[in-house]
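Everything below concerns the one structure shown next.
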Amino acid sequence: MARVSQEHLDARRRQILDGAALCFARNGFHATSMQDVLKEVDLSAGAVYRYFSGKEELIAAIVTEVLEEVRAAFEAAGGQSPPPPPDEMVGRVMGGMLGLRPGLTHDGAAVFPRLLVQVWAETLRNDELSKALNEGYSKVRTVWVQLVERYQEAGMMRADVPAESVARTMIAAVQGFVAQMALFGSAPVEVLQEGLRGLMSMSGPASGAPDGSRAG
């Protein structure tokens, strides 16, 4: 019997993950059965279980992969010196994530936002998934902290604000925009970019200013 190539194995795994992602984004984790996934990918149970032991492992694999792609995308986009402005970087990464796999759509929109909202809800009851999400989020946050520190060194951001705080806020802005896309309908990434530019144009009192200086 001829050996199956690694390329074939990778393609089959990709097929299963993409089919499962469509099912989960469309119907949610609980309403989706392994039978639904088998039907979506048009494979036998044996072919699918060769790669994944069940629905829980499929969910964890999708979450881990998405977060790793987000981390790698921000890391690559921030490789320039100095890095591009935050609004440009976020737009570039978000646009790339939404167009990563054009075939993965639901009602004409990318499944990425719907899938992430499903994942966030599932982590409240699934300890293993929560662990995978926390590990992935930690890696993304680490990259963002490093990016903020570079912005501060380049004079592109205030240096008197902890990089960790800025990183968490930037991530929260992206998460909130993704949630809006999932709940209220798709919106151009430019909307998020414009909002970030507007917020970054604001200035506040310098650190260490007397309390009285804030009074009107």
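Structural remarks
- Residue list for region 9-53, filter: under 24 Å from the mean Cα position of the chain (by Cα), among the polar types (S, T, N, Q) and surrounded by fewer than 17 Cβ atoms within 10 Å (Cβ to Cβ): Asn27
- Taken over region 105-134, the criterion of being modelled with pLDDT of 85 or more and β-branched (Val, Ile, Thr) is satisfied by Val117, Val119, Thr123.
- The listed residue being open to solvent by 40 Å² or more (accessible area, probe 1.4 Å), in a helix (DSSP H, G or I), over 21 Å from Gly79 (Cα atoms) and of a type outside the set (D, E, K, R), out of Leu133, Leu183: Leu183
- As a summary of the residue check, Pro83 satisfies the conditions (1) assigned to a loop (DSSP other than H, G, I, E, B); (2) touching a Lys or Arg at 6+ places or on another chain (Cβ under 6 Å); (3) within 27 Å of Lys131 (Cβ to Cβ) except for the one numbered (3).
- Taking every residue in region 186-213 that is closer than 17 Å to Thr169 by Cβ and open to solvent by less than 60 Å² (accessible area, probe 1.4 Å) and pairing it with any residue that is at pLDDT 70 or above and charged (D, E, K, R), at least 6 positions away or on another chain, the pairs with Cβ-Cβ distances below 9 Å are Leu192/Asp87; Gln193/Asp87; Gln193/Glu88; Gly195/Asp87; Leu196/Asp87; Gly204/Arg158.
- Scan of region 131-161 for residues that are under 15 Å from the mean Cα position of the chain (by Cα) and of a type outside the set (Val, Ile, Thr), ordered by number: Ala132, Leu133, Asn134, Glu135, Gly136, Tyr137, Ser138, Lys139, Arg141, Trp144
- Residue within region 54-75 that is modelled with pLDDT under 90, surrounded by 14 or more Cβ atoms within 10 Å (Cβ to Cβ) and farther than 18 Å from Leu116 by Cβ present: yes
- Answer residue from region 168-180, given it is closer than 22 Å to Val148 by Cβ and of a type in the set (Gly, Ala, Ser) and is surrounded by the most Cβ atoms within 10 Å (Cβ to Cβ) among those: Ala173
- Residues in region 141-167 that are of a type in the set (D, E, K, R) and either buried (at least 16 other Cβ atoms within 10 Å of the Cβ) or touching a His at 6+ places or on another chain (Cβ under 7 Å) (or both): Arg141, Glu149, Arg150.
- First in region 119-138 and free of Cβ contacts under 8 Å to residues at least 40 places away in the same chain, second anywhere and open to solvent by 20 Å² or more (accessible area, probe 1.4 Å) and among the small types (Gly, Ala, Ser), Cβ under 6 Å, 6 or more apart: Thr123/Ser130
- Condition check for Arg114: touching a residue at least 24 places away in the same chain (Cβ under 8 Å) and within 17 Å of Gly185 (Cα to Cα): yes
- Flag if Leu98 is modelled with pLDDT under 85 and within 30 Å of Met156 (Cα to Cα): yes
The values are calculated or read from the model by the stated rules, or taken from the named source; none is laboratory data. Owing to the predicted nature of the structure, the values given are computational and were not obtained by experimental measurement. FYI the Cβ positions are ideal-geometry reconstructions off the backbone, even for glycines, and counts take in every protein chain you see. For the accessible areas, the whole protein counts, side chains as well, though only heavy atoms, and no ligand, DNA or RNA atoms are used. Shrake-Rupley method; radii C 1.70, N 1.55, O 1.52, S 1.80 Å.
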